[in-house]
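Below is one structure, written out as structure tokens, with a few remarks after it.
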Amino acid sequence: MNTRTLTVALACIATVALVGCDPAATEATPDAPAATEPAAKAPASSASEEKPAEKKVVPNFVGMGLQSAQDTAQAEGFFVLTSHDSAGRGRAQAFDRNWKVCSQNMAAGKTIPTDTTLDFGTVKLEEDCPASDAKEPEAAGEKMPNLVGKAVKVARDALDSGTSITVTDAAQGRMVLMESNWQVCTQDPSPGAALKGQPVEFTAVKFEESCP
């Protein structure tokens, strides 16, 4: 065995436990191939659509106080709630405990999705429910609507917002402040007259009073 071969063999024996060695090898091994790239991830699944709202039976709210009706509706899972003045006077239900339910837009016993809007027709506790909800006048077009007997508030709302409106007390010369508490007695222009942006005048009394 020549000196070169002996040297290689001794070096191999010293390191064989770690890396292994071929005593006959005299050339360096080529670089190892690059590691295989990981496979591309599968595209994320699209977000699932929202589940439809649960369906439940509508309770009978008529005769209940408005606050109690709202509490009951929410306990049953109905959270989209609104209310309106059944007397057609355009009053806001600022204190729910002072109002009672006269009608509901979804009939009692009907099964509907819980995200359906429930609308309660109401009057104040001391008032009688009307046979049916009073309809507010439609928005005026080119002709003056008949607003006699309507609340001054809804009469004003029926006219263009740019209309100049004057309201006077038909009985005692009082200031007309809470317009939902006053009813129109007379109007100028008269019903059916052409509207051309002219000023409008109303006389009015409180609802518990009679027009002179």
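General remarks:
- Amide H contacts of Gly90 (H built 1.01 Å from N, in plane; Pro and chain starts excluded): Asp85 sit under 5 Å, all sequence-distant by 5 or more or on other chains.
- Neighbours of Gly121, meaning other residues whose beta-carbon lies under 11 angstrom from its beta-carbon, give a summed charge of -2 when Lys and Arg score +1 and Asp and Glu score -1.
- Added length on full extension, which subtracts the Cα-Cα distance from 0.36 nm per residue, Ser164 to Glu126: 10.2 nm
- Taking every protein chain into account, the 1.4 Å probe leaves Ser83 with about 30 Å² of accessible area, to the nearest ten.
- Prolate/oblate/rounded call for segment 42-147, Cα gyration tensor, a/c under 1.5 rounded: oblate
- Database remark: amide H of Val167 closer than 5 angstrom to the amide H of Phe202 (H placed geometrically; neighbours at sequence offset of 5 or more, or on other chains; Pro and chain starts carry no H).
- Summarising the amide proton neighbourhood of Val123: residues at separation of 5 or more, or on other chains, whose placed amide H is nearer than 5 Å comprise Ser86, Lys100, Cys102.
- Taking every C-alpha pair closer than 8 Å and separated by at least 6 residues, the mean separation divided by the residue count of segment 112-196 gives a relative contact order of 35 percent.
- If you plug the beta carbon distance of Phe79 and Glu49 into 1/(1 + (r/R0)^6) with R0 = 30 Å, you get a FRET efficiency near 0.90.
- The residues Thr163, Thr168, sorted by heavy-atom accessible surface at 1.4 Å with ligands and nucleic acids left out, run Thr168, Thr163 from largest to smallest.
- Counting only residues at least eight positions apart within a chain, or on another chain, the lysines with an alpha carbon under 26 Å from that of Lys56 are Lys100, Lys110.
- A simple rule links phi to the HN-Hα coupling: the Karplus curve 6.51 cos²θ - 1.76 cosθ + 1.60 with θ = phi - 60°, which for segment 138-144 gives 6, 4, 5, x, 8, 10, 6 Hz, with x for Gly and Pro.
The values are calculated or read from the model by the stated rules, or taken from the named source; none is laboratory data. For clarity, every value in this text was computed on a predicted model and none was experimentally measured. Positions of Cβ are generated from backbone atoms using ideal geometry, with glycine treated the same way; all protein chains shown enter the neighbour counts. For accessibility, only protein heavy atoms count, side chains too; no ligands or nucleic acids. Shrake-Rupley method; radii C 1.70, N 1.55, O 1.52, S 1.80 Å.
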